[in-house]
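*Asks:* Mind having a look at this structure? Questions to follow.
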Amino acid sequence: LPELYFDHNATTPLCGAARDAWLATSDRFWHNPSSLYPPAGAAKRRLEDAREALADLLGIDDPERIVFTSGATEANNATIVACAADPRSTALASPIEHPSVLAPVRRHFDGRWHEAPLEPDALGAAIRESGAGIVAIMAANNETGALLPVPDLAAAAREAAAVFLCDATQAFGKLDLREIDSWGDVVVGSAHKFGGPKGVGFALLNKGTELRLQTGGPQEMGHRAGTEDLAGIAAMVAALEDADLPSTSAEAAHRDAFERTIASRLPGTRPVGAEAPRLPNTSMLILPAERNLKWLTRLGRVGVCVSTGSACSSGAESGSHVLQAMGIPHDEIDRAVRVSSGPDTSEAEWDALADAFSGVWEDFADRSGDRKPSLDLGSL
Ligand code: PLP
(Lines give C-alpha, C1' and ligand atoms only; values in the text may rest on other atoms or scores of the structure.)
Protein backbone atom coordinates (compact mmCIF):
# COMPACT_ATOMS: atom_id res chain seq x y z
CA LEU A 1 0.00 0.00 0.00
CA PRO A 2 1.60 3.35 -0.93
CA GLU A 3 1.85 5.61 2.07
CA LEU A 4 0.22 9.02 1.89
CA TYR A 5 2.02 10.89 4.67
CA PHE A 6 0.21 14.00 5.86
CA ASP A 7 1.50 14.31 9.41
CA HIS A 8 4.59 16.50 9.00
CA ASN A 9 3.72 18.54 12.09
CA ALA A 10 4.24 15.36 14.11
CA THR A 11 7.54 14.51 12.47
CA THR A 12 9.25 14.55 9.09
CA PRO A 13 11.29 11.91 7.24
CA LEU A 14 15.05 12.41 7.38
CA CYS A 15 16.10 14.41 4.30
CA GLY A 16 19.04 13.28 2.13
CA ALA A 17 21.28 16.18 3.16
CA ALA A 18 20.74 15.39 6.86
CA ARG A 19 21.40 11.67 6.32
CA ASP A 20 24.67 12.40 4.47
CA ALA A 21 25.80 14.85 7.13
CA TRP A 22 24.88 12.42 9.91
CA LEU A 23 26.85 9.54 8.37
CA ALA A 24 29.89 11.64 7.46
CA THR A 25 30.03 13.28 10.89
CA SER A 26 29.55 10.11 12.90
CA ASP A 27 32.22 8.33 10.83
CA ARG A 28 34.82 11.09 11.01
CA PHE A 29 34.09 13.04 14.16
CA TRP A 30 33.12 10.45 16.75
CA HIS A 31 35.58 11.61 19.43
CA ASN A 32 34.31 13.51 22.42
CA PRO A 33 34.55 17.22 21.53
CA SER A 34 35.54 17.99 25.16
CA SER A 35 38.61 15.72 25.15
CA LEU A 36 42.08 17.18 24.74
CA TYR A 37 43.85 15.16 21.97
CA PRO A 38 43.91 16.36 18.36
CA PRO A 39 41.05 14.20 16.93
CA ALA A 40 38.79 15.54 19.70
CA GLY A 41 39.88 19.03 18.73
CA ALA A 42 38.69 18.28 15.19
CA ALA A 43 35.32 17.18 16.58
CA LYS A 44 35.14 20.38 18.64
CA ARG A 45 35.85 22.43 15.50
CA ARG A 46 33.14 20.50 13.61
CA LEU A 47 30.73 21.36 16.43
CA GLU A 48 31.60 25.05 16.31
CA ASP A 49 31.35 25.03 12.49
CA ALA A 50 27.81 23.68 12.84
CA ARG A 51 27.00 26.41 15.38
CA GLU A 52 28.33 29.06 13.01
CA ALA A 53 26.40 27.65 10.06
CA LEU A 54 23.19 27.69 12.09
CA ALA A 55 23.89 31.25 13.25
CA ASP A 56 24.29 32.23 9.57
CA LEU A 57 20.98 30.60 8.69
CA LEU A 58 19.28 32.44 11.54
CA GLY A 59 21.00 35.71 10.63
CA ILE A 60 22.60 36.23 14.03
CA ASP A 61 26.14 37.49 14.66
CA ASP A 62 27.09 35.55 17.76
CA PRO A 63 26.98 31.74 17.31
CA GLU A 64 27.47 31.26 21.06
CA ARG A 65 23.88 32.34 21.57
CA ILE A 66 22.87 28.94 20.17
CA VAL A 67 22.67 26.12 22.72
CA PHE A 68 22.21 22.62 21.31
CA THR A 69 19.70 20.44 23.16
CA SER A 70 18.01 17.06 22.75
CA GLY A 71 14.96 18.73 21.21
CA ALA A 72 12.22 21.22 21.92
CA THR A 73 10.78 19.42 24.94
CA GLU A 74 14.09 19.67 26.77
CA ALA A 75 14.65 23.30 25.84
CA ASN A 76 11.12 24.29 26.90
CA ASN A 77 11.30 22.37 30.19
CA ALA A 78 14.77 23.59 31.06
CA THR A 79 13.86 27.25 30.44
CA ILE A 80 10.76 26.98 32.59
CA VAL A 81 12.58 25.13 35.39
CA ALA A 82 15.37 27.73 35.35
CA CYS A 83 12.85 30.58 35.62
CA ALA A 84 10.88 28.83 38.37
CA ALA A 85 13.91 28.65 40.66
CA ASP A 86 12.88 31.89 42.33
CA PRO A 87 9.86 30.87 44.47
CA ARG A 88 8.34 34.36 44.14
CA SER A 89 8.41 34.24 40.37
CA THR A 90 5.16 33.77 38.43
CA ALA A 91 4.47 32.78 34.81
CA LEU A 92 2.15 33.60 31.94
CA ALA A 93 1.55 31.02 29.20
CA SER A 94 -0.80 30.96 26.26
CA PRO A 95 -3.50 28.27 26.58
CA ILE A 96 -2.60 26.84 23.16
CA GLU A 97 1.02 25.97 24.03
CA HIS A 98 2.38 22.50 23.35
CA PRO A 99 2.27 20.12 26.36
CA SER A 100 6.08 20.44 26.64
CA VAL A 101 5.41 24.02 27.79
CA LEU A 102 2.07 23.71 29.57
CA ALA A 103 2.97 20.65 31.67
CA PRO A 104 6.21 22.10 33.15
CA VAL A 105 4.50 25.48 33.70
CA ARG A 106 1.70 23.73 35.65
CA ARG A 107 4.20 21.66 37.59
CA HIS A 108 6.86 24.23 38.42
CA PHE A 109 4.59 27.27 38.76
CA ASP A 110 1.82 25.41 40.56
CA GLY A 111 -0.70 28.07 41.60
CA ARG A 112 1.64 30.80 40.30
CA TRP A 113 0.70 31.05 36.62
CA HIS A 114 -2.04 32.55 34.45
CA GLU A 115 -3.07 32.51 30.84
CA ALA A 116 -1.11 35.00 28.75
CA PRO A 117 -3.16 37.55 26.77
CA LEU A 118 -2.22 37.40 23.08
CA GLU A 119 -2.37 41.13 22.46
CA PRO A 120 0.83 43.15 23.20
CA ASP A 121 -0.64 45.96 25.36
CA ALA A 122 -2.75 43.52 27.35
CA LEU A 123 0.29 41.25 27.75
CA GLY A 124 2.45 44.12 29.03
CA ALA A 125 -0.28 45.06 31.53
CA ALA A 126 -0.68 41.43 32.66
CA ILE A 127 3.08 41.08 33.24
CA ARG A 128 3.18 44.26 35.31
CA GLU A 129 0.12 43.25 37.29
CA SER A 130 1.26 39.67 37.99
CA GLY A 131 5.00 40.40 38.22
CA ALA A 132 5.56 37.44 35.87
CA GLY A 133 9.20 36.42 35.43
CA ILE A 134 8.52 34.34 32.32
CA VAL A 135 6.05 34.47 29.43
CA ALA A 136 5.63 31.46 27.14
CA ILE A 137 4.00 32.05 23.76
CA MET A 138 4.62 29.89 20.70
CA ALA A 139 5.35 31.14 17.18
CA ALA A 140 3.06 28.71 15.34
CA ASN A 141 0.56 26.28 16.74
CA ASN A 142 1.19 22.61 15.94
CA GLU A 143 -2.52 21.68 15.78
CA THR A 144 -4.13 24.50 13.80
CA GLY A 145 -1.02 26.16 12.28
CA ALA A 146 -2.13 29.52 13.78
CA LEU A 147 0.65 32.13 13.70
CA LEU A 148 1.04 34.34 16.75
CA PRO A 149 2.40 37.91 16.62
CA VAL A 150 5.51 36.97 18.60
CA PRO A 151 7.75 39.95 17.71
CA ASP A 152 5.19 42.39 19.19
CA LEU A 153 4.43 40.17 22.16
CA ALA A 154 8.15 39.62 22.85
CA ALA A 155 8.74 43.39 22.68
CA ALA A 156 5.98 43.94 25.26
CA ALA A 157 7.54 41.30 27.51
CA ARG A 158 10.99 42.87 27.16
CA GLU A 159 9.62 46.26 28.12
CA ALA A 160 8.02 44.71 31.19
CA ALA A 161 11.28 42.83 32.03
CA ALA A 162 9.97 39.25 31.71
CA VAL A 163 11.84 36.42 29.95
CA PHE A 164 9.98 35.58 26.74
CA LEU A 165 10.07 31.88 25.80
CA CYS A 166 9.04 31.32 22.19
CA ASP A 167 8.50 27.70 21.22
CA ALA A 168 9.14 28.10 17.49
CA THR A 169 9.29 24.35 16.80
CA GLN A 170 6.68 24.49 14.03
CA ALA A 171 8.14 27.61 12.38
CA PHE A 172 11.57 26.34 11.28
CA GLY A 173 11.64 25.18 7.69
CA LYS A 174 8.19 26.73 7.14
CA LEU A 175 8.55 30.45 7.82
CA ASP A 176 11.02 33.16 6.91
CA LEU A 177 13.47 33.37 9.80
CA ARG A 178 14.99 36.77 9.08
CA GLU A 179 13.19 38.38 12.01
CA ILE A 180 13.99 35.60 14.45
CA ASP A 181 16.09 37.84 16.62
CA SER A 182 12.92 39.63 17.66
CA TRP A 183 11.05 36.47 18.61
CA GLY A 184 12.06 36.37 22.26
CA ASP A 185 14.76 35.69 24.83
CA VAL A 186 14.71 31.92 24.33
CA VAL A 187 13.61 30.69 20.89
CA VAL A 188 13.29 26.92 20.60
CA GLY A 189 13.57 24.60 17.59
CA SER A 190 13.65 20.85 16.93
CA ALA A 191 15.41 19.08 14.03
CA HIS A 192 12.86 16.35 13.33
CA LYS A 193 10.22 18.90 12.33
CA PHE A 194 12.27 20.07 9.33
CA GLY A 195 13.92 16.96 7.90
CA GLY A 196 16.56 16.44 10.60
CA PRO A 197 16.94 13.53 13.01
CA LYS A 198 14.92 12.99 16.17
CA GLY A 199 16.44 13.83 19.55
CA VAL A 200 18.26 17.03 18.65
CA GLY A 201 17.24 20.68 18.77
CA PHE A 202 18.39 24.04 20.02
CA ALA A 203 17.59 27.11 22.05
CA LEU A 204 18.58 30.51 20.68
CA LEU A 205 19.31 32.73 23.66
CA ASN A 206 18.95 36.46 23.42
CA LYS A 207 21.93 38.62 24.35
CA GLY A 208 22.22 38.69 28.11
CA THR A 209 19.94 35.68 28.74
CA GLU A 210 21.84 33.80 31.43
CA LEU A 211 20.01 30.51 31.73
CA ARG A 212 21.68 27.36 32.98
CA LEU A 213 19.47 24.82 31.21
CA GLN A 214 21.11 21.71 32.58
CA THR A 215 23.94 21.31 35.09
CA GLY A 216 26.92 18.93 34.96
CA GLY A 217 29.88 19.38 32.64
CA PRO A 218 30.85 22.71 31.07
CA GLN A 219 29.56 21.96 27.55
CA GLU A 220 27.59 24.49 25.53
CA MET A 221 29.27 27.52 27.10
CA GLY A 222 28.04 26.31 30.49
CA HIS A 223 24.37 26.59 29.49
CA ARG A 224 23.65 22.90 28.93
CA ALA A 225 25.71 20.03 30.28
CA GLY A 226 26.08 16.70 28.47
CA THR A 227 28.19 15.36 25.58
CA GLU A 228 26.91 16.91 22.39
CA ASP A 229 25.25 14.76 19.74
CA LEU A 230 27.61 16.05 17.08
CA ALA A 231 26.29 13.90 14.20
CA GLY A 232 22.72 14.87 15.06
CA ILE A 233 23.67 18.54 15.28
CA ALA A 234 25.48 18.45 11.90
CA ALA A 235 22.46 16.68 10.37
CA MET A 236 20.06 19.23 11.85
CA VAL A 237 22.00 22.14 10.37
CA ALA A 238 22.21 20.38 6.97
CA ALA A 239 18.43 19.86 7.06
CA LEU A 240 17.72 23.52 7.77
CA GLU A 241 20.15 24.56 5.02
CA ASP A 242 18.22 22.26 2.71
CA ALA A 243 14.76 23.54 3.70
CA ASP A 244 13.11 25.07 0.68
CA LEU A 245 11.19 28.15 1.75
CA PRO A 246 10.19 29.58 -1.63
CA SER A 247 7.85 26.59 -2.10
CA THR A 248 5.70 27.58 0.87
CA SER A 249 3.21 29.67 -1.14
CA ALA A 250 2.66 26.73 -3.51
CA GLU A 251 2.17 24.54 -0.45
CA ALA A 252 -0.52 26.88 0.88
CA ALA A 253 -2.25 26.93 -2.53
CA HIS A 254 -2.43 23.10 -2.57
CA ARG A 255 -3.72 23.07 1.01
CA ASP A 256 -6.38 25.68 0.24
CA ALA A 257 -7.52 23.81 -2.88
CA PHE A 258 -7.77 20.60 -0.82
CA GLU A 259 -9.93 22.38 1.76
CA ARG A 260 -12.27 23.64 -0.98
CA THR A 261 -12.54 20.15 -2.49
CA ILE A 262 -13.29 18.55 0.86
CA ALA A 263 -15.86 21.21 1.73
CA SER A 264 -17.70 20.52 -1.54
CA ARG A 265 -17.54 16.73 -1.32
CA LEU A 266 -18.22 16.49 2.42
CA PRO A 267 -20.75 19.26 3.04
CA GLY A 268 -20.50 20.67 6.54
CA THR A 269 -16.69 20.29 6.76
CA ARG A 270 -14.92 23.39 7.99
CA PRO A 271 -11.24 24.23 8.45
CA VAL A 272 -10.29 25.75 11.81
CA GLY A 273 -8.66 29.18 11.76
CA ALA A 274 -8.56 29.50 7.96
CA GLU A 275 -9.47 33.19 8.19
CA ALA A 276 -6.40 34.07 10.32
CA PRO A 277 -2.67 33.83 9.44
CA ARG A 278 -1.49 30.22 9.62
CA LEU A 279 1.28 27.88 8.50
CA PRO A 280 1.14 27.04 4.78
CA ASN A 281 1.13 23.26 5.37
CA THR A 282 -1.51 22.78 8.07
CA SER A 283 -5.23 22.15 7.88
CA MET A 284 -7.30 21.29 10.94
CA LEU A 285 -10.65 20.07 9.67
CA ILE A 286 -13.86 19.67 11.63
CA LEU A 287 -15.54 16.85 9.69
CA PRO A 288 -19.33 16.68 9.37
CA ALA A 289 -19.85 13.30 11.02
CA GLU A 290 -18.18 10.34 12.78
CA ARG A 291 -15.45 10.52 15.44
CA ASN A 292 -11.93 11.48 14.43
CA LEU A 293 -10.43 8.21 15.70
CA LYS A 294 -12.79 6.34 13.39
CA TRP A 295 -11.64 8.52 10.49
CA LEU A 296 -8.00 7.87 11.40
CA THR A 297 -8.53 4.11 11.49
CA ARG A 298 -10.33 4.03 8.14
CA LEU A 299 -7.83 6.37 6.49
CA GLY A 300 -4.96 4.36 7.98
CA ARG A 301 -6.31 1.24 6.27
CA VAL A 302 -5.87 2.89 2.87
CA GLY A 303 -2.35 4.12 3.70
CA VAL A 304 -3.21 7.66 4.80
CA CYS A 305 -1.32 9.04 7.83
CA VAL A 306 -3.09 12.01 9.46
CA SER A 307 -3.71 12.86 13.09
CA THR A 308 -6.26 14.16 15.53
CA GLY A 309 -3.96 17.04 16.41
CA SER A 310 -3.69 16.04 20.02
CA ALA A 311 -2.25 12.78 21.21
CA CYS A 312 -4.70 11.33 23.74
CA SER A 313 -2.85 11.09 27.01
CA SER A 314 -2.82 7.78 28.90
CA GLY A 315 -5.86 6.50 27.06
CA ALA A 316 -8.04 9.32 28.35
CA GLU A 317 -9.64 11.03 25.39
CA SER A 318 -9.76 14.52 26.77
CA GLY A 319 -9.74 16.11 23.30
CA SER A 320 -7.60 18.94 22.02
CA HIS A 321 -6.85 21.63 24.64
CA VAL A 322 -6.05 23.96 21.73
CA LEU A 323 -9.50 23.65 20.18
CA GLN A 324 -11.06 23.89 23.65
CA ALA A 325 -9.19 27.15 24.25
CA MET A 326 -10.59 28.42 20.94
CA GLY A 327 -14.10 27.81 22.26
CA ILE A 328 -14.88 24.96 19.86
CA PRO A 329 -17.57 22.68 21.34
CA HIS A 330 -16.66 19.14 22.43
CA ASP A 331 -18.78 17.39 19.83
CA GLU A 332 -16.87 19.24 17.11
CA ILE A 333 -13.48 18.59 18.74
CA ASP A 334 -14.36 14.88 18.55
CA ARG A 335 -14.59 15.27 14.76
CA ALA A 336 -11.31 17.20 14.29
CA VAL A 337 -8.65 15.75 12.00
CA ARG A 338 -5.32 17.46 11.28
CA VAL A 339 -3.60 17.24 7.91
CA SER A 340 -0.04 18.59 7.54
CA SER A 341 2.05 18.42 4.38
CA GLY A 342 5.79 18.61 3.78
CA PRO A 343 7.91 20.55 1.29
CA ASP A 344 7.90 17.67 -1.20
CA THR A 345 4.18 16.89 -1.02
CA SER A 346 2.86 16.96 -4.59
CA GLU A 347 -0.46 18.19 -5.96
CA ALA A 348 -1.20 14.57 -6.92
CA GLU A 349 -0.79 13.54 -3.29
CA TRP A 350 -3.20 16.26 -2.17
CA ASP A 351 -5.69 14.98 -4.78
CA ALA A 352 -5.19 11.42 -3.56
CA LEU A 353 -5.79 12.62 0.00
CA ALA A 354 -9.07 14.28 -1.01
CA ASP A 355 -10.10 11.05 -2.77
CA ALA A 356 -9.25 9.03 0.35
CA PHE A 357 -11.44 11.28 2.52
CA SER A 358 -14.28 11.00 -0.03
CA GLY A 359 -13.87 7.21 -0.15
CA VAL A 360 -14.10 6.86 3.63
CA TRP A 361 -17.09 9.21 3.66
CA GLU A 362 -18.91 7.06 1.08
CA ASP A 363 -17.93 3.97 3.06
CA PHE A 364 -19.49 5.41 6.23
CA ALA A 365 -22.64 6.11 4.21
CA ASP A 366 -22.84 2.57 2.81
CA ARG A 367 -22.41 0.99 6.22
CA SER A 368 -25.01 3.18 7.85
CA GLY A 369 -27.43 2.23 5.05
CA ASP A 370 -28.11 5.91 4.44
CA ARG A 371 -27.37 7.89 1.37
CA LYS A 372 -24.95 9.90 3.51
CA PRO A 373 -23.60 9.38 7.05
CA SER A 374 -25.72 10.82 9.81
CA LEU A 375 -24.96 14.50 9.74
CA ASP A 376 -24.62 16.56 12.84
CA LEU A 377 -26.98 19.33 11.81
CA GLY A 378 -25.70 21.54 14.59
CA SER A 379 -22.41 21.95 12.76
CA LEU A 380 -23.89 23.01 9.44
N1 PLP B 1 6.65 22.18 20.63
C2 PLP B 1 5.88 22.05 19.56
C3 PLP B 1 5.05 23.21 19.09
C4 PLP B 1 5.80 20.84 18.88
O5 PLP B 1 5.00 20.71 17.80
C6 PLP B 1 6.59 19.75 19.35
C7 PLP B 1 6.52 18.45 18.66
O8 PLP B 1 5.78 17.59 18.97
C9 PLP B 1 7.39 19.93 20.47
C10 PLP B 1 7.41 21.17 21.08
C11 PLP B 1 8.25 18.83 21.03
O12 PLP B 1 9.42 18.69 20.26
P13 PLP B 1 10.47 17.54 20.51
O14 PLP B 1 9.93 16.32 19.86
O15 PLP B 1 11.74 18.03 19.86
O16 PLP B 1 10.67 17.39 21.96
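*Asks:* Cross-link list 198/294; 44/198; 44/207: which exceed 26 angstrom alpha carbon to alpha carbon?
*Replies:* As for pairs spanning more than 26 Å Cα to Cα, those are 198/294.
*Asks:* Something else now. Where the accessible area of the chain is counted over protein heavy atoms with a 1.4 Å probe, how much of it, in %, is carbon and sulfur?
*Replies:* Using a 1.4 Å probe with all protein chains present, the chain comes out at 52 percent carbon and sulfur.
*Asks:* How many angstrom lie between the C-alpha centres of the range 74-119 and the range 241-293?
*Replies:* Value for the Cα centre distance between the two parts: 30 Å.
*Asks:* Could you work out how far helix 150-159 tilts from the main Cα principal axis of the chain, as a 0 to 90 degree angle to the nearest 10?
*Replies:* Approximately 40 degrees, to the nearest 10.
*Asks:* With labels modelled as points extended 7 Å from the Cα through the Cβ direction, what inter-label distance (nm, one decimal) is found for residue 121 paired with residue 355?
*Replies:* Simple spin-label model gives 5.3 nm for this pair.
*Asks:* Counting only GluC sites (Glu not before Pro) that sit in a DSSP loop (anything but H, G, I, E, B) with at most 14 other Cβ atoms within 10 Å, what is the longest stretch of the chain containing none of them? List each step's numbers first, then the result.
*Replies:* Values: sites that count: 3, 179, 210, 275, 317.
Result for the longest clean stretch: 4-178.
*Asks:* Averaged per residue, what accessible area in Å² does the range 11-67 show with a 1.4 Å probe, protein chains only?
*Replies:* It amounts to 57 Å² per residue over the range 11-67.
*Asks:* Let me ask something else about it. What range in the chain is the longest one free of trypsin sites (Lys or Arg not before Pro) that are in a loop by DSSP and have at most 11 other Cβ atoms within 10 angstrom?
*Replies:* Longest run free of exposed loop sites: 208-370.
*Asks:* When the gyration tensor of the chain is built from Cα positions, what are the square roots of 5 times its three eigenvalues, in whole Å, from largest to smallest?
*Replies:* They are 37, 26, 17 Å, listed largest first.
*Asks:* Using only the alpha-carbon atoms of the range 105-250, report the extent along each of the three principal axes, biggest first, to the nearest angstrom.
*Replies:* 46, 45, 27
*Asks:* In addition: Hey, how much of the P(r) for the range 44-143 falls beyond 15 Å, as a percent of Cα pairs?
*Replies:* 66 percent
*Asks:* Could you state, as a whole-number percent, how many of the C-alpha pairs of the range 208-352 are farther apart than 18 Å?
*Replies:* When all Cα pairs of the range 208-352 are counted, 68 percent exceed 18 Å.
*Asks:* Same structure, new question: Based on the Cβ-Cβ distance of residue 161 and residue 62, what FRET efficiency does E = 1/(1 + (r/R0)^6) give at R0 = 25 Å, to the nearest 0.05? Don't skip to the answer; put the middle values down first.
*Replies:* Details: r = 22 Å, r/R0 = 0.88.
The computed FRET efficiency comes out at 0.70.
*Asks:* Okay, moving on. Can you pull the one-decimal nm distance between simple spin-label points at residue 362 and residue 294, each 7 Å off the Cα toward Cβ?
*Replies:* 1.9 nm
*Asks:* Also, quick follow-up: Would you mind working out the accessible area per residue for the range 107-169, using a 1.4 Å probe, and quoting it in Å²?
*Replies:* 41 Å²
*Asks:* If the chain between residue 346 and residue 7 were fully stretched, how many nm would it gain, using 0.36 nm times the residue separation less the Cα-Cα distance? All intermediate terms of the calculation are to be shown ahead of the outcome.
*Replies:* Working: separation 339, 0.36 × 339 = 122.04 nm, distance 1.43 nm.
Working it through step by step, the gained length comes to 120.6 nm.
*Asks:* For the range 12-152, calculate the relative contact order in percent as a whole number, restricting contacts to Cα pairs under 8 Å that are 6 or more residues apart. Intermediate values should be presented prior to the final figure.
*Replies:* Working: 135 pairs, mean separation 22.8, N = 141.
Relative CO of the range 12-152 lands at 16 percent.
The values are calculated or read from the model by the stated rules, or taken from the named source; none is laboratory data. The structure displayed is predicted, hence computed values, not measured ones. Positions of Cβ are backbone-derived with ideal geometry, glycine not excepted, and every protein chain shown enters the neighbour counts. Accessible surface areas use protein heavy atoms only, side chains included; no ligands, DNA or RNA. Shrake-Rupley method; radii C 1.70, N 1.55, O 1.52, S 1.80 Å.
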